[in-house]
Amino acid sequence: MRKIIIAIDGPAGSGKSTTARLVAQKLGYTYIDTGAMYRALTLKVIESNVDPNDEDSIVKLAENTRIDLIYENGNLKVILDNRDVSDKIRTPEVTSLVSVVSAHPKVRDIMVKKQRELGKDGGVVIDGRDIGTVVFPNADLKIFMTADVKERAKRRQKELKAQGFEIEIEKLIKEIEERDEFDSNREISPLKKADDAIEIDTTNLTIEEQVELVLKKAYELINQNSN
């Protein structure tokens, strides 16, 4: 039976990464977190003292960077050049610069090639901002997740608190709104819903409900393929 490609897109805090990871687990598929890949590269940019606006220098870094996504006991480990950076990529500093780094066209070209290579044989759930429109425009199932900005800020605040960072909700709302604006209006691979994507508003949904909605659509397609 052919394994399908599931693309889940949406803005920060919409629940796409957690949902994608759990859907992949339920299906026995590989989960590809493209956001974590861009965060890992952004961390390398910071540690290498490279200007986030210097596209050519970042391209050289990206060409000589190895990013591995490893799953242990259901948890994602992000390995950057053979070291675990799973926690470091979630810091506010990385978050504030990842949109700038990921907006460079030549950088995205390199990262998209890496992502396509990981998912080319199917059996993947891949999430990001341009998966259904650019990375895998022929994905079998496309989901676009949205949520109210205040709810997304609350989720981000909870995530940061667990990492030891206390940030006011108003500041997070402003940051998320600015990132939405930047990601939606960039020239290359903007954040947008694919024409054939199913939109899910997660504002009032639990993670379990989100996962069930996606799984229902996935099983419908898988059953169609097997008949």
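Entry remark, the range 96-107: residues being buried (at least 19 other Cβ atoms within 10 Å of the Cβ) and more than 13 Å from residue 40 (Cβ to Cβ) number 3 in total. Annotation note: Cβ proximity below 8 Å between a residue of the range 158-179 that is touching a residue at least 40 places away in the same chain (Cβ under 8 Å) and surrounded by 14 or more Cβ atoms within 10 Å (Cβ to Cβ) and a residue that is outside any loop (DSSP other than H, G, I, E, B) and among the hydroxyl-bearing types (Ser, Thr, Tyr) (sequence gap 6+ or interchain) occurs for 175/95; 175/96; 179/99.
Can you tell me which of 124, 134 is closer than 17 Å to residue 3 by Cβ, in contact with a Ser or Thr (Cβ under 6 Å, 6 or more places away or on another chain), open to solvent by less than 50 Å² (accessible area, probe 1.4 Å) and aliphatic (A, V, I, L, M)? Break it down into steps so the answer makes sense when it comes.
Working: 134 fails: closer than 17 Å to residue 3 by Cβ.
Exactly one residue qualifies, and that residue is 124.
Annotation: of all residues in the range 57-70 being surrounded by 15 or more Cβ atoms within 10 Å (Cβ to Cβ) and assigned to a strand (DSSP E or B), the one that is modelled with the highest pLDDT is 67. Return the residues of the range 10-28 that are of a type outside the set (S, T, N, Q) and open to solvent by 10 Å² or more (accessible area, probe 1.4 Å); say none if nothing qualifies. Those that are of a type outside the set (S, T, N, Q) and open to solvent by 10 Å² or more (accessible area, probe 1.4 Å): 11, 12, 13, 15, 16, 21, 22, 26, 27, 28.
Going by the conditions given, is residue 85 modelled with pLDDT of 90 or more, surrounded by 16 or more Cβ atoms within 10 Å (Cβ to Cβ), among the hydrophobic types (A, V, I, L, M, F, W, C) and within 23 Å of residue 191 (Cβ to Cβ)?
Working: modelled with pLDDT of 90 or more: yes; surrounded by 16 or more Cβ atoms within 10 Å (Cβ to Cβ): yes; among the hydrophobic types (A, V, I, L, M, F, W, C): yes; within 23 Å of residue 191 (Cβ to Cβ): no.
It is false that residue 85 is modelled with pLDDT of 90 or more, surrounded by 16 or more Cβ atoms within 10 Å (Cβ to Cβ), among the hydrophobic types (A, V, I, L, M, F, W, C) and within 23 Å of residue 191 (Cβ to Cβ).
Checked against (1) among the aliphatic types (A, V, I, L, M); (2) more than 15 Å from residue 7 (Cβ to Cβ); (3) under 18 Å from the mean Cα position of the chain (by Cα), residue 214 passes all but a single condition, namely (2). Within the range 32-56, the residues that satisfy the criterion of being open to solvent by 10 Å² or more (accessible area, probe 1.4 Å), in contact with a Ser or Thr (Cβ under 9 Å, 6 or more places away or on another chain) and either in a loop (DSSP other than H, G, I, E, B) or within 23 Å of residue 123 (Cβ to Cβ) (or both) are 35, 38, 48, 50, 51, 52.
When the range 191-213 is filtered for residues that are in contact with a helix residue (DSSP H, G or I) (Cβ under 7 Å, 6 or more places away or on another chain) and outside any helix (DSSP H, G or I), the ones remaining, listed by number, are 191, 192, 194, 197, 198, 200, 202, 203.
The values are calculated or read from the model by the stated rules, or taken from the named source; none is laboratory data. From a predicted model like this one, the values you see are computed outputs, not experimental measurements. Positions of Cβ are generated from backbone atoms using ideal geometry, with glycine treated the same way; all protein chains shown enter the neighbour counts. In case anyone asks, the SASA skips ligands and DNA or RNA and just uses the protein heavy atoms, side chains included. Shrake-Rupley method; radii C 1.70, N 1.55, O 1.52, S 1.80 Å.
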